[in-house]
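Note sheet for the following structure.
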Amino acid sequence: MTAHRDEAAHSARRSRATGAAPRDQTASEFAAVLLRLCEATGARGAALVDQEGETVDYGGGIDPFEIKVAAAEWRIVLHAVTASPVPSWPEVAQVHVRSARKAWVLVPLAEGYALVVELPRRAFSISARALGEALRDLAAEAGFSYRPRDREVWERVEVRATPGDPRRPAAVCIDTSWLAVEVLGRCHAGPTGRREIGYRARLENGAEVTLVRERLGRWYADARLALPPPTSLRAAALPRL
């Protein structure tokens with residue numbers, strides 16, 4: 001989570017430089033995860049709220065008081081949904097709300113927690129890849145369980161595009177190291193109509209992954225990527241014959 005701490009610190013500096021509302025509490029690891037979610041999706045703000053309606057932490061560019069009040073109010077609404085006697089409502093995984101001026105996504109989490117995200121005006125969807133990554137990181141940081149709805153696990157990655165073609169990957173950054181990408185072919189990336197492009201690719205370390213460029217220019221890989229250990233370390237770990 002070191003990268004998330006760096007992102008939170010960077011966000012604080014950027015907020016001061018742009019005149020955005022200053023934070024009213026010290027940024028935690030949760031703030032870094034929420035900030036990353038907002039940057040990946042264009043969301044105005046996001047908050048992790050407990051079952052009492054108290055905001056644990058938040059991220060984004062809107063006023064802290066505004067996001068905290070909204071999170072508390074939407075937590076009440078989400079409780080009404082999950083406590084409803086209507087069949088299937090208690091098992092709801094997400095609630096999407098859109099009004100004339102604002103849009104929201106509400107996600108119930110374990111132990112009474114919830115994620116509240118304010119989307120850009122007129123928006124009605126959020127990147128499932130970005131949301132899934134945020135939910136995994138929040139659960140890992142909080143120590144509660146999380147079961148993804150889909151079997152696919154996506155992780156946002158930094159990609160260096162091919163010169164002259166910003167939509168085709170040339171290299172991907174893993175653990176601060178850039179690895180060349182060999183494109184094996186194009187693949188279906190998501191629902192029809194979305195401006196998403198998918199590639200099946202082989203990295204220079206031998207790993208094969210699917211890389212997807214979403215419409216906001218964010219790249220995702222379908223596996224948690226990590227560099228393999230050095231050859232010398234792998235050889236040292238092998239049993240002697």
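Here is how the numbers come out for the structure above:
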| quantity | calculated |
| --- | --- |
| Yes/no for Val117 being assigned to a strand (DSSP E or B), under 20 Å from Glu196 (Cα atoms) and β-branched (Val, Ile, Thr) | no |
| Phe124 being surrounded by fewer than 19 Cβ atoms within 10 Å (Cβ to Cβ), of a type in the set (Phe, Trp, Tyr) and not in a helix (DSSP H, G or I) | yes |
| Selection within segment 53-65 - outside any strand (DSSP E or B) and without any contact (Cβ under 8 Å) to a residue 40 or more places away in the chain | Gly53, Glu54 |
| Index of the failed condition, Leu211 passing every other in (1) touching a Lys or Arg at 6+ places or on another chain (Cβ under 6 Å); (2) touching a residue at least 12 places away in the same chain (Cβ under 8 Å); (3) surrounded by 12 or more Cβ atoms within 10 Å (Cβ to Cβ) | (1) |
| Residue count, segment 120-129 (criterion: out of contact with any Asp or Glu (no Cβ under 8 Å at 6 or more places or on another chain) and at pLDDT 90 or above) | 1 |
| Members of segment 32-63 found to be more than 20 Å from the chain's Cα centre (by Cα) and farther than 15 Å from Ala142 by Cβ, listed by number | Glu52, Gly53, Asp63 |
| Checking Ala71 against (1) assigned to a helix (DSSP H, G or I); (2) without any contact (Cβ under 8 Å) to a residue 24 or more places away in the chain; (3) buried (at least 16 other Cβ atoms within 10 Å of the Cβ), the condition it does not meet | (2) |
| Single unsatisfied condition, Met1 versus (1) at pLDDT 90 or above; (2) within 17 Å of the chain's Cα centre (by Cα) | (1) |
| Selection count where residues are touching a Leu at 6+ places or on another chain (Cβ under 7 Å) and part of a strand (DSSP E or B), scope segment 166-181 | 7 |
| When residues of segment 131-159 are limited to those that are of a type in the set (Lys, Arg) and more than 9 Å from the chain's Cα centre (by Cα), the one modelled with the highest pLDDT | Arg147 |
| Some residue of segment 10-24 being crowded, with 16+ Cβ neighbours inside 10 Å, at pLDDT 95 or above and in contact with a Pro (Cβ under 8 Å, 6 or more places away or on another chain) | no |
| Selected residue (criterion: nearest to Gly42 (Cα to Cα)) from residues of segment 127-157 that are of a type in the set (Asp, Glu) and in a helix (DSSP H, G or I) | Glu133 |
| Filter result for Ala80 (within 21 Å of Ala40 (Cα to Cα) and either of a type outside the set (A, V, I, L, M, F, W, C) or surrounded by fewer than 19 Cβ atoms within 10 Å (Cβ to Cβ) (or both)) | no |
| Lone qualifier among Glu141, Glu155, Glu111, Glu133 - being among the charged types (D, E, K, R) and exposed (fewer than 14 other Cβ atoms within 10 Å of the Cβ) | Glu111 |
| Extreme residue, surrounded by the fewest Cβ atoms within 10 Å (Cβ to Cβ), among residues of segment 168-189 that are closer than 24 Å to Ser127 by Cα, in contact (Cβ under 8 Å) with a residue 12 or more places away in the chain and in contact with a Lys or Arg (Cβ under 6 Å, 6 or more places away or on another chain) | Gly185 |
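The values are calculated or read from the model by the stated rules, or taken from the named source; none is laboratory data. This one's a predicted model, so the numbers in the text were calculated from it and none came from an experiment. Every residue, glycine among them, receives a Cβ derived from its backbone with ideal geometry; neighbour counts consider all protein chains shown.
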